[in-house]
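Peer 1: Attaching a single structure in structure tokens format; questions to follow.
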Amino acid sequence: MPLSALEHYAYCPRQSGLILLEDAFEDDAATVRGTLLHQRVDTPGKRGRGTVRTLHRLPVYHDGLGLYGYCDTVELHPRGRVLPIEHKSGRYLPGGPADLQTAAQALCLEAMFNTTITRAAVYSARDRRRHSITIDQNLRDHVAELTIRIRDMLTTSALPPAVADNRCKRCSMVNSCMPRVLTRGEHFQRVLDGLYQPGSPAEQ
Ligand code: SF4
């Protein structure tokens with residue numbers, strides 16, 4: 001399961017379902033901004049600054065959780081401290097979906113480097129700041145719980161229902177998802193039932 005699935009699922013389970021089950025992905029201005037940002041920071045390699053070594057676009061995985069993906073930036077500090085930094089083009093929301101993706105990166109790095117990671121960071125290009133995240137037990141449990149829920153979704157191929165709330169306004173998938181249509185309940189069902197019936201409302 002890709003690490004990004006955790007962020008998508010935490011934002012809206014249906015968004016993650018559309019991407020993973022239906023291979024659907026749509027760009028909007030925000031996703032294009034994100035892609036351009038990652039083109040700048042995701043050049044694989046390592047650099048040094050003083051006593052800190054910095055790795056870019058590091059492939060990571062966690063066998064136990066079945067996760068794989070890339071870390072945008074990983075700083076290796078003296079005395080073995082490992083700091084993953086996820087880059088986001090938009091505003092940082094404390095406790096939001098980016099925290100889960102970054103915590104999952106930390107869990108992958110812990111397993112790979114045989115270490116313990118208690119801090120990670122999200123860099124927001126919007127305010128050009130690093131936001132520190134505490135990798136506590138609560139966040140670890142949340143990552144584990146979401147991986148189970150996403151795997152259930154993949155196993156059953158059940159696309160989660162549309163949420164049709166404020167999240168949809170900022171979601172690039174809104175055109176293929178059609179949340180307003182799907183949540184109009186009875187009206188949608190009536191149109192669906194009559195889809196192939198000549199003379200039905202759907203035909204008119
Ligand atoms: S449009 Fe709304 S319901 Fe559909 S995937 Fe996006 S946030 Fe979820």
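Peer 1: So in the range 3-29, with the set limited to residues that are charged (D, E, K, R) and more than 18 Å from residue 104 (Cα to Cα), which one is surrounded by the fewest Cβ atoms within 10 Å (Cβ to Cβ)?
Peer 2: Taking the range 3-29 as the starting set, the residues that turn out to be charged (D, E, K, R) are 7, 14, 22-23, 26-28.
This time we only want the ones that are more than 18 Å from residue 104 (Cα to Cα), so: 14, 22-23, 26-28.
Working: 14: 25, 22: 13, 23: 7, 26: 14, 27: 11, 28: 13.
By that ranking, first place goes to 23.
Peer 1: Can you pull out every residue in the range 159-204 that is part of a loop (DSSP other than H, G, I, E, B), exposed (fewer than 12 other Cβ atoms within 10 Å of the Cβ) and within 16 Å of the ligand (Cβ to nearest atom)?
Peer 2: Applying the first criterion (part of a loop (DSSP other than H, G, I, E, B)) to the range 159-204 yields 159-165, 171-173, 178, 183-185, 194-200, 204.
Keeping just the survivors that are exposed (fewer than 12 other Cβ atoms within 10 Å of the Cβ) gives 165, 185, 195-199, 204.
Residues satisfying the conditions are 165, 185.
Peer 1: Is the range 132-144 home to any residue that is assigned to a helix (DSSP H, G or I), within 24 Å of residue 183 (Cβ to Cβ) and touching a helix residue (DSSP H, G or I) at 6+ places or on another chain (Cβ under 9 Å)? If you could, list the steps in order and put the result at the bottom.
Peer 2: Let us first name the residues in the range 132-144 that are assigned to a helix (DSSP H, G or I), namely 137-144.
Next cut, within 24 Å of residue 183 (Cβ to Cβ) only: none.
Checked the range 132-144: no residue is assigned to a helix (DSSP H, G or I), within 24 Å of residue 183 (Cβ to Cβ) and touching a helix residue (DSSP H, G or I) at 6+ places or on another chain (Cβ under 9 Å).
Peer 1: Would you be able to tell me the number of residues in the range 149-204 that are in contact (Cβ under 8 Å) with a residue 40 or more places away in the chain and on the phi > 0 side of the Ramachandran plot?
Peer 2: Matching residues across the range 149-204 total 1.
Peer 1: Considering only the range 50-58, I want to know if a residue exists there that is in a strand (DSSP E or B), away from the ligand (no atom under 16 Å from the Cβ), of a type in the set (Val, Ile, Thr) and modelled with pLDDT of 90 or more. Working first, answer last.
Peer 2: In the first step, residues of the range 50-58 are kept if they are in a strand (DSSP E or B); the result is 52-58.
The next check asks that each one be away from the ligand (no atom under 16 Å from the Cβ); those that pass are 52-58.
Filter again for of a type in the set (Val, Ile, Thr), leaving 52, 54.
This time we only want the ones that are modelled with pLDDT of 90 or more, so: 52, 54.
Looking for residues that are in a strand (DSSP E or B), away from the ligand (no atom under 16 Å from the Cβ), of a type in the set (Val, Ile, Thr) and modelled with pLDDT of 90 or more, one finds at least one in the range 50-58, hence yes.
Peer 1: Can you find a residue in the range 97-104 that is more than 16 Å from the ligand (Cβ to nearest atom), without any contact (Cβ under 8 Å) to a residue 24 or more places away in the chain and of a type outside the set (Asp, Glu)?
Peer 2: no
Peer 1: Among the residues of the range 132-151 satisfying the criterion of being within 17 Å of the chain's Cα centre (by Cα) and not hydrophobic (A, V, I, L, M, F, W, C), which is farthest from the ligand (Cβ to nearest atom)?
Peer 2: Step by step, filter the range 132-151, then rank; the result is 140.
Peer 1: Going by the conditions given, is residue 68 surrounded by fewer than 17 Cβ atoms within 10 Å (Cβ to Cβ), away from the ligand (no atom under 16 Å from the Cβ), more than 15 Å from the chain's Cα centre (by Cα) and modelled with pLDDT of 95 or more? Before you say what the answer is, go through the steps one by one.
Peer 2: Working: surrounded by fewer than 17 Cβ atoms within 10 Å (Cβ to Cβ): yes; away from the ligand (no atom under 16 Å from the Cβ): yes; more than 15 Å from the chain's Cα centre (by Cα): no; modelled with pLDDT of 95 or more: yes.
Answer is no for this residue.
The values are calculated or read from the model by the stated rules, or taken from the named source; none is laboratory data. Remember, predicted model here, so these are calculated numbers, not experimental data. All Cβ positions, glycine included, derive from the backbone under ideal geometry; neighbour counts span all protein chains shown.
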